[in-house]
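Notes follow the structure.
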């Protein structure tokens, strides 16, 4: 609940600017794909890590400012964010490990 | 009941067993948030399944910037540009939405109206772009052939992919024409048949010494698809069963069929959310014009649909990353 009824317009435009810049950086990196970042990295490439981190930053901006989570009751916010983050990371971890395992098992059987 | 609960009145507004504002938010808003949470889990289920499938085929998955390279009205190869524009449109419509909510807090009816209007227009442009993107994807660009093992082979010239239309010049000899209800067997139509027959493609491959075959297999050191020598390519082409042009749920010229399945499913489900968001926005837009919320004394309804609209944007941010960038 926004109790204060003063306008937040300026802040909204600043966040829009930040989100736009992040998107531009993502697209730029996605097009040029610098070799140093694209071909090496822990687990996946550095480039992918950059994309994932920038995406989470964008998600944070949208959820906190646009969806106004920052102004909600602390435990209301936590009931949403913690549940989501916990369940999603759990699911993603399991499925990606499984996908990697299936690849390790099946790919030796595939003749290219 | 009330008397038995030892919660001082000042503590109300937290989780207080049925007050009008649990968590200090109205029920409507709270439930919108919990709906969004559950919907987010649905989407993450899809994206995680996409991740699993992609990991399963990590050495042969299509490379997204070789697939989405088109921009309307412009010829040429522009990976990502159009998706980036779509992302901007959606983020911008999110901004007008949040401005509408902001104007609502100040009870400025005409401002809310105009910002809602801009949001709806942005949403419609986004859905239109999505439709264009689907159309391009379904029609395909280059065309490819598929072997009996289900592997997709594409054709390259000087390392660049080349479309069937650019090198297949041999005449079609199998006499195959499209069956329609009018001339088909027993008044049955059939799915669109490819423009070229397998024999035609093979003949043209043999006649053009500068055409090479590219397989789905990715050289993980260079992250590029493997291009075969002329001889190895001819060997592989001996197993070809069908010509594939464009994409559908059974086959796609870009490579693994799961890729197009997930593309249609995930972007389709997201597009469905955008469409329903637009419809809800339009309803609220008319309510704003009619002065429903002016009379009610607050514009919380605009805030609630705003949450849904931002969520659609939020999901797109993830789809953009995991489908187009990573």
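Each residue in the stretch B:33-59 was checked for being touching a residue at least 40 places away in the same chain (Cβ under 8 Å), over 17 Å from the mean Cα position of the chain (by Cα) and crowded, with 20+ Cβ neighbours inside 10 Å, and 3 of them qualify. Taken over the stretch B:159-197, the criterion of being surrounded by 13 or more Cβ atoms within 10 Å (Cβ to Cβ), closer than 30 Å to residue B:229 by Cα and in contact with a helix residue (DSSP H, G or I) (Cβ under 9 Å, 6 or more places away or on another chain) is satisfied by B:161, B:164, B:167, B:168, B:170, B:172, B:194, B:195, B:196.
Considering A:83, A:7, the condition of being in a loop (DSSP other than H, G, I, E, B), at the interface with another protein chain (Cβ under 7 Å from one of its Cβ atoms) and either free of Cβ contacts under 8 Å to residues at least 60 places away in the same chain or touching a strand residue (DSSP E or B) at 6+ places or on another chain (Cβ under 6 Å) (or both) is satisfied by A:7 alone.
If we scan the stretch A:70-77, do we find a residue that is at the interface with another protein chain (Cβ under 8 Å from one of its Cβ atoms), in a helix (DSSP H, G or I) and at pLDDT 95 or above? Looking through the stretch A:70-77, none of the residues is at the interface with another protein chain (Cβ under 8 Å from one of its Cβ atoms), in a helix (DSSP H, G or I) and at pLDDT 95 or above. In the stretch B:296-312, is there at least one residue being surrounded by 15 or more Cβ atoms within 10 Å (Cβ to Cβ) and in a loop (DSSP other than H, G, I, E, B)? Scanning the stretch B:296-312 turns up at least one residue that is surrounded by 15 or more Cβ atoms within 10 Å (Cβ to Cβ) and in a loop (DSSP other than H, G, I, E, B).
For the stretch B:99-122, the count of residues that are under 25 Å from residue B:268 (Cβ atoms), touching a helix residue (DSSP H, G or I) at 6+ places or on another chain (Cβ under 7 Å) and without any contact (Cβ under 8 Å) to a residue 40 or more places away in the chain is nonzero. Considering only residues that are in a loop (DSSP other than H, G, I, E, B) and under 17 Å from residue B:140 (Cβ atoms), which ones fall in the stretch B:152-177? B:162, B:163, B:168 - these are the residues of the stretch B:152-177 that are in a loop (DSSP other than H, G, I, E, B) and under 17 Å from residue B:140 (Cβ atoms). Quick check, is residue B:310 under 15 Å from the mean Cα position of the chain (by Cα), under 27 Å from residue A:77 (Cα atoms) and modelled with pLDDT of 95 or more? For residue B:310, the condition - under 15 Å from the mean Cα position of the chain (by Cα), under 27 Å from residue A:77 (Cα atoms) and modelled with pLDDT of 95 or more - is not met.
Under the condition of being at pLDDT below 95 and more than 19 Å from residue B:286 (Cα to Cα), the residues counted in the stretch B:93-105 number 0. Criterion first (more than 7 Å from chain B (Cβ to nearest Cβ), touching a helix residue (DSSP H, G or I) at 6+ places or on another chain (Cβ under 7 Å) and assigned to a helix (DSSP H, G or I)) does residue A:22 satisfy it? Yes. Residue B:265 fulfils the conditions (1) in contact (Cβ under 8 Å) with a residue 40 or more places away in the chain; (2) in the same structural domain as residue B:176 (by TED's automatic domain parsing); (3) surrounded by fewer than 18 Cβ atoms within 10 Å (Cβ to Cβ) except for a single criterion, (2). The residues of the stretch A:46-73 that are more than 22 Å from residue B:93 (Cβ to Cβ), buried (at least 19 other Cβ atoms within 10 Å of the Cβ) and over 11 Å from the mean Cα position of the chain (by Cα), listed by number, are A:47, A:72.
The values are calculated or read from the model by the stated rules, or taken from the named source; none is laboratory data. Predicted, not measured: the structure shown is a model, and the values here were computed from it. For neighbour counting, all protein chains shown are included, and Cβ atoms are generated from backbone atoms with ideal geometry for every residue, glycine included.
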